[in-house]
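Scroll down for the structure; my scribbles are underneath it.
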Amino acid sequence: MELSCQDIADLRVIKPLEDRIDAAVAIQFKDRMRALTDTGPALVLLDLSRVGFLDSSGLGAVVAAFKQAGPERRLELAGLTPTVEKVFKLTRMDSVFTIHRSADDVRARLADAG
């Protein structure tokens, strides 16, 4: 699973470059997320705007990445497509994660605060 990673001041934006996070790539996703969140800024934003499908294994991998970030890092989500958003709502994970409309919204908010 290929992920792009960009640091912008105190924010690390990680974006899956594939349109699915499912059982076939969940372990790779989890491993890549661990590698990308072991160091770096305290705020990590997972931009899911390219992901059109997320199954239970994919959701488990996102939750695992959230837990791996630990107390020293905060993992938030952005850009959920309607199908992915539905998965988060149905499982009530939308109450666990901070979810933003888009990564650009978060960047703008941080720029205004800085």
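The values are calculated or read from the model by the stated rules, or taken from the named source; none is laboratory data. Every value quoted in this text rests on a predicted model; they were computed, and no experiment measured them. Because the Cβ atoms are built from the backbone with ideal geometry, glycine has one as well, and the counts that use them run over all protein chains shown. Protein only, heavy atoms only, side chains kept; ligands, DNA and RNA dropped before computing areas. Shrake-Rupley method; radii C 1.70, N 1.55, O 1.52, S 1.80 Å.
Kindly express, to the nearest 10 degrees and within the range 0 to 90, the angle between helix 26-37's C-alpha long axis and the longest C-alpha principal axis of the chain. With rounding to tens, the tilt is 10 degrees. Using the alpha-carbon atoms, what tilt in degrees (0 to 90, nearest 10) does helix 56-69 show relative to the longest principal axis of the chain? Around 30 degrees separate the two axes. Considering every alpha-carbon pair of the chain, the percent of pairs per 10 Å bin, from zero through the bin containing the longest distance, is 15, 52, 30, 3, 0. Counting DSSP beta bridges in the chain, what percent are antiparallel, to the nearest 5? Once the DSSP bridges in the chain are tallied, antiparallel ones form about 30 percent. Compared with the dominant Cα axis of the chain, that is its longest principal axis, helix 103-113 is turned about 20°. With all protein chains in place and a 1.4 Å probe, the accessible surface of the chain carries 50 percent carbon and sulfur. Each Lys or Arg adds one and each Asp or Glu takes one away; over the other residues whose Cβ falls under 10 Å from the Cβ of ALA78, this sums to -1.
Per residue, what accessible area does the range 1-85 have, given a 1.4 Å probe and all protein chains present, in Å²?
47
Using a simple spin-label model with pseudo-atoms 7 Å out from Cα toward Cβ, GLN68 and ASP31 lie 1.0 nm apart. Can you list the aspartates and glutamates whose alpha carbon sits under 20 Å from that of LYS89, skipping same-chain ones fewer than 8 residues off? Answer for LYS89, where 20 Å is the Cα cut-off: ASP19, ASP22, ASP47, ASP55, GLU76, listed by chain and number.
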